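Report on the following structure.
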Amino acid sequence: MSDLAGFTGRVLLAALFLAGTAQKLVSPGQAVALLAGVGLPGFLVWPAAAANLAGALCLITGVWLRPAALGLAVYCMVTSVFHFIPSDGWQMSIFVKNWAIAGGLLVLAAGGGGSWRWPRARSW
């Protein structure tokens, strides 16, 4: 059961990064604006999209799981800076969620994420 829970948790975390990839690819303007707002070049949206996709695939497949989870945790911590706008409750909610997701990813990096596989038939 813990392997299935670990795998399910990895897939749910990956869904967030897959959605981030899709958002950056389909409509990069919002991310470009956030980057510009802190003085960074807009082209960084493309490496961010690639990192989101690669990290999500690592979470799902379990390949390079711990380094990917650690990298995504750092990514969440760094990108939280874009949402630190104390006068905007919505942005502060995203800021806190980024740190919570980073915490979950750090737990995953520390302990692994299970190795779920289809149950095997018992041999009697």
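Which of the following residues is more than 14 Å from Gly9 (Cβ to Cβ) and not in a helix (DSSP H, G or I): Ser87, Ser93? The match here is Ser87.
How many residues are among the β-branched types (Val, Ile, Thr) and either surrounded by 19 or more Cβ atoms within 10 Å (Cβ to Cβ) or in contact with a Lys or Arg (Cβ under 9 Å, 6 or more places away or on another chain) (or both) if we restrict to the range 33-60? Steps first, please.
Going residue by residue through the range 33-60, those that are among the β-branched types (Val, Ile, Thr) are 38, 45, 60.
Going one step further and asking which of them are either surrounded by 19 or more Cβ atoms within 10 Å (Cβ to Cβ) or in contact with a Lys or Arg (Cβ under 9 Å, 6 or more places away or on another chain) (or both), we end up with 45, 60.
Of the residues in that region, 2 qualify.
Scanning the range 76-87 for residues that are at pLDDT 95 or above and farther than 29 Å from Gly111 by Cα yields Pro86, Ser87. Scanning the range 1-28 for residues that are more than 19 Å from Ala109 (Cβ to Cβ), among the small types (Gly, Ala, Ser) and loosely packed, with under 11 Cβ neighbours inside 10 Å gives a single hit, Ser27. Within the range 61-87, the set of residues being of a type in the set (Phe, Trp, Tyr) and surrounded by 16 or more Cβ atoms within 10 Å (Cβ to Cβ) comprises Tyr75, Phe82.
Taking first residues from the range 38-65 that are within 20 Å of Ile101 (Cα to Cα) and touching a residue at least 24 places away in the same chain (Cβ under 8 Å) and partners that are outside any helix (DSSP H, G or I) and not small (Gly, Ala, Ser), the Cβ contacts under 9 Å between residues at least 6 apart in sequence or on separate chains come to Ala49/Pro28; Leu57/Val63; Gly62/Trp116. The set of residues from the range 29-75 being closer than 15 Å to Leu16 by Cβ, at pLDDT 95 or above and not aliphatic (A, V, I, L, M) comprises Asn52, Gly55, Gly71, Tyr75. Being hydrophobic (A, V, I, L, M, F, W, C) and outside any helix (DSSP H, G or I) is a property that holds for Leu40.
The values are calculated or read from the model by the stated rules, or taken from the named source; none is laboratory data. None of the values given here were measured: they were computed from a predicted structure. Quick reminder, even Gly has a Cβ in these numbers, built from the backbone with ideal geometry, and neighbours come from all protein chains shown.
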